[in-house]
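Reviewing the structure listed below.
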Amino acid sequence: MAPALALLALLAPGLLVVALPACDYPAHLWCSSREIAVACQAESRCANLSHPTAPPVELSLYYESLCPACRGFLVEQLFTTWLLLPSETMNITLVPYGNAQEKKVGGKWQFQCQHGSEECLGNMIQACLMHEAENFTTYFPVIFCMESGTSATKNLEACLQVYAPQLDAGRIAACVRGDLGTALMHRNAQLTEALDPPHQYVPWIVVNGKHTDELQEQAQRSLLRLVCQLYQGEKPEGCQSAAAPKPRAVCKR
């Protein structure tokens, strides 16, 4: 018990003294749950945390790890929007596969990626990372770190040390080398092939279960502005930061 609380207990023995948990979380996670917001004394910054007024905007990103347009959207638009808005505002699903192709050789799936074998490796590392971490708030900052660096395949351990030191890089590497990584990539291939309409480029953005040219254009120009327009609840403070639209870029099939 902290000294101040111990003194209070001695002076007022009949008073129930409860020690608040310490805040051991980075700032970008303070609003990820009510418990963390309380521990970090950040409830005033997370006003919508305990009072969701509308369903979140559902966003699915189909991408590939070395596509410049995918990296730009994830780093500059998606991650920034996620940081600025409360967790109840938007749910994000990441599907790293993109314009890759798969075929079965000798009973085992093999993959060919648009930007070569290095991209296939990057896709699989991220798929295994997501499987290992499970929690979006844990793995998304790591993926952001990997995609914003000079190499999306060689900086996993460094990014884990900064954003998710509790994760075991060895387990992720074992997934990449083994049957689990292949199975995860095959699942992403199936999810990508099941898109309706079929994807024509990446990043391919699906909003609330729909993809249209207009939604894609709006998302790539200013995702924050689009999410704030679509969210039907009380507009969070982050919506006041909606920036001017950016030019659109894609990696065609």
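The values are calculated or read from the model by the stated rules, or taken from the named source; none is laboratory data. None of these values were measured; they are calculated from a predicted model. Neighbour counts are summed over all protein chains in view; Cβ atoms, including those assigned to glycine, are modelled from backbone coordinates with ideal geometry. Heads up: the accessible areas ignore ligands, DNA and RNA and are worked out on the full protein's heavy atoms, side chains in. Shrake-Rupley method; radii C 1.70, N 1.55, O 1.52, S 1.80 Å.
Counting every alpha-carbon pair across the chain, the share separated by more than 33 Å comes to 27%. Annotation: K210 carries an accessible surface of approximately 120 Å², with a 1.4 Å probe and no ligand, DNA or RNA atoms counted.
The heavy atoms of D213 offer some 110 square angstrom of accessible surface to a 1.4 angstrom probe. In the range 36-170, taking the dipole from charged Cβ atoms about the Cα centre, the farthest positive-side position among C46, C159, Y63 is held by Y63.
Annotation: average projected area of the range 72-145 is 5.9 square nanometres, based on the convex hull of Cα atoms across all directions. Can you give me the % of accessible surface on the chain that is carbon or sulfur? Probe 1.4 Å, all protein chains present, nothing else counted. Carbon with sulfur: 53 percent of the solvent-accessible area.
Working from label points 7 Å from Cα in the Cα-to-Cβ sense, the A158 to D213 distance is 4.1 nm. Inter-label distance, A27 to S151: 3.1 nm, where each label sits 7 Å from its Cα along the C-beta direction. Summarising the amide proton neighbourhood of N91: residues at separation of 5 or more, or on other chains, whose placed amide H is nearer than 5 Å comprise V57, E58, L59.
Stretching the chain fully between Q41 and N135 yields a gain of 31.6 nm (0.36 nm per residue, less the alpha carbon separation). Straight-line cross-link reach from K235 at under 20 Å between alpha-carbon atoms covers these aspartates and glutamates, not counting any fewer than eight positions away in the same chain: E43, E58, E88. Charging the Cβ of each Asp and Glu at -1 and of each Lys and Arg at +1, and nothing else, the dipole of the range 24-126 about its Cα centre rounds to 280 debye. For H186, the accessible area of its heavy atoms, probed at 1.4 Å with every protein chain present, is near 40 square angstrom.
The helix-only estimate of mean residue ellipticity at 222 nm for the chain, built from DSSP H runs of length n ≥ 4 each weighted as -39500 (n - 2.57), is -12000 deg cm²/dmol after division by the residue total. Taking the Cα centre of the chain as origin and assigning +1 to Lys and Arg Cβ atoms and -1 to Asp and Glu Cβ atoms, the resulting dipole is close to 420 debye. Annotation: amide H-H contacts under 5 Å for Q114 (H modelled 1.01 Å from N, sequence separation of 5 or more, or interchain): N99, A100.
Extending 7 Å from Cα along the Cβ direction at A54 and again at R221 yields two label points whose distance is 2.0 nm. Kindly work out what percent of the DSSP beta bridges joining two residues of the chain are antiparallel, to the nearest 5. Once the DSSP bridges in the chain are tallied, antiparallel ones form about 65 percent. Rolling a 1.4 Å probe across the protein heavy atoms gives the chain an accessible surface of 53 Å² per residue.
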